[in-house]
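Reading through the structure tokens given below for one structure.
The values are calculated or read from the model by the stated rules, or taken from the named source; none is laboratory data. Keep in mind that what you see is a predicted model, and the values were worked out from it rather than measured. Virtual Cβ from ideal backbone geometry, glycine too; neighbours counted across all protein chains shown. Areas reflect the complete protein model, heavy atoms only, side chains present, ligands, DNA and RNA absent. Shrake-Rupley method; radii C 1.70, N 1.55, O 1.52, S 1.80 Å.
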Amino acid sequence: MTKKKTSRISVKTGMAPGTLLHIGSRELEHASVQVRQYNSEEIKLSEYTTDLDQITYDFKEGDLVSWIHFSGIDIPAYENLGKQLDIHNLTLEDVLNSHLRPKFEDLDHYSFLSLKLMIPKMGEYKFQSVPVHLILGENYVISFMDSNYEVLDSLFTRLENSTRRIRSKGVDYLFFAVADTIVDNYFHIIENWNDQLTELEDCIGKEDSDFVPRKIQDFKKQIMKARGSILPLKESYDLLIQSESALFADENVKFFRDTQDHILFIIDQLDYLRDYLSNIRDTYESEQNNQLNNTMKFLTLIATIFIPLTFLAGIYGMNFRNMPELEWKYGYFAILVIMILVAAGMIWYFRKKKWL
């Protein structure tokens, strides 16, 4: 399987608008195309893995909804698609830009929606951000992903069931269902983060909590990254719901509003997690300060106990001849007893004052 290194945005400097060049940081696998055509009575599936630039997109049967799903990048195949369905090169240019900000556009005879798929990394709090692009036409939906991900498998399964709502609804409902599936996948990230932040908070105060500051910083970066992917999507859905395009049936607008509610909820959860993270950081810093204060307090009390003992030792360490106690038979033992009594008395006093 051949792979091709992708390019940075700066590579397009000086090129004409609409120049088709993939912009991304990942290596790309060989592309494939699935074409599903269905109505409430039947469903047909065609799969292509070679000669993608030779596919004929014949959607003349008006009673069938067509879903074209691209996995991987194939620029000649995109050019072929654009010529047959009259999709502007500026739209295809956006499709090829992995760093594209989520957006919605109404064009002459189709609508374009770009959003991000967030895939959690197994056993970690980090995630992979994957661009997903959707085009809604009169009787077709086109979806673009740069690789084959399992997130849409549940939707493929729903299409196989003739009793499901998606088989009887129009093409705009399919457009909604694909985008809604992507958005609902965000909940896995949010729930995972909430669980991990709870575990992180429980680690505060334990002996092995030195990793907490680094993990807090990593979490902060991930939350900022997620907000950058989701906040623009709220604006996109505001435009989508206000769209006057004939491609969106009035009866299906409520479904898009439902997805919009999910997006708003996720944004609220991200704000909550950001505040929760700040509280964990404050709690950790407070715990560290308390431990330092307790350590300093203990060391100060120990030093205080030894001050009078050092004083006594200093006096009887002086080299004067006329010191009666130096000639006393029990002088050494008497000083030891005095030191012990002084130390014990001070410890008793500190305990009484609850300083120790």
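Things worth noting here:
- Number of the exception - Q260 against (1) part of a helix (DSSP H, G or I); (2) more than 30 Å from G170 (Cβ to Cβ); (3) not aromatic (F, W, Y): (2)
- Any pair with Cβ under 9 angstrom, 6 or more apart, that starts in the stretch 140-163 at a residue that is closer than 11 Å to F70 by Cα and ends at one that is open to solvent by 70 Å² or more (accessible area, probe 1.4 Å): D146/R26; D146/E29; S147/R26; S147/E29; N148/E29
- For R351, the stated conditions do not hold, so it cannot be described as part of a loop (DSSP other than H, G, I, E, B) and without any contact (Cβ under 8 Å) to a residue 12 or more places away in the chain.
- Criterion: of a type in the set (D, E) and touching a residue at least 12 places away in the same chain (Cβ under 8 Å) - qualifying residue of E325, E287: E287
- Here is the figure for the stretch 33-75: residues that are in contact (Cβ under 8 Å) with a residue 12 or more places away in the chain, among the polar types (S, T, N, Q) and in a loop (DSSP other than H, G, I, E, B) total 4.
- Residue list for the stretch 87-130, restricted to those being open to solvent by 10 Å² or more (accessible area, probe 1.4 Å) and closer than 23 Å to W193 by Cα: K116, I119, P120, K121, M122, G123, E124, Y125, K126, Q128, S129
- Boolean, N290 is polar (S, T, N, Q), open to solvent by 90 Å² or more (accessible area, probe 1.4 Å) and under 30 Å from R351 (Cβ atoms): no
- Residue check for L270: surrounded by 16 or more Cβ atoms within 10 Å (Cβ to Cβ), under 18 Å from A177 (Cα atoms) and of a type in the set (A, V, I, L, M): no
- Yes/no for F333 being within 30 Å of D210 (Cα to Cα), outside any loop (DSSP other than H, G, I, E, B) and of a type outside the set (S, T, N, Q): no
- Selection of the stretch 190-203 for residues being closer than 17 Å to D275 by Cα, out of contact with any Lys or Arg (no Cβ under 8 Å at 6 or more places or on another chain) and not polar (S, T, N, Q) yields I190, E191, W193, D195, L197, E199, E201, D202.
- Any hit, the stretch 56-72, residues being polar (S, T, N, Q) and open to solvent by less than 70 Å² (accessible area, probe 1.4 Å): yes
- Any hit, the stretch 103-114, residues being more than 20 Å from F187 (Cβ to Cβ), of a type in the set (K, R) and either assigned to a strand (DSSP E or B) or at pLDDT 90 or above (or both): yes
For every residue, the table says whether it meets (1) within 21 Å of the chain's Cα centre (by Cα); (2) charged (D, E, K, R).
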| residue | (1), (2) |
| --- | --- |
| F70 | no, no |
| K83 | no, yes |
| I87 | no, no |
| L107 | no, no |
| P120 | yes, no |
| H133 | yes, no |
| V151 | yes, no |
| R158 | no, yes |
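- The set of residues from the stretch 76-102 being of a type in the set (D, E, K, R) and assigned to a helix (DSSP H, G or I) comprises E79, K83, E93, D94.
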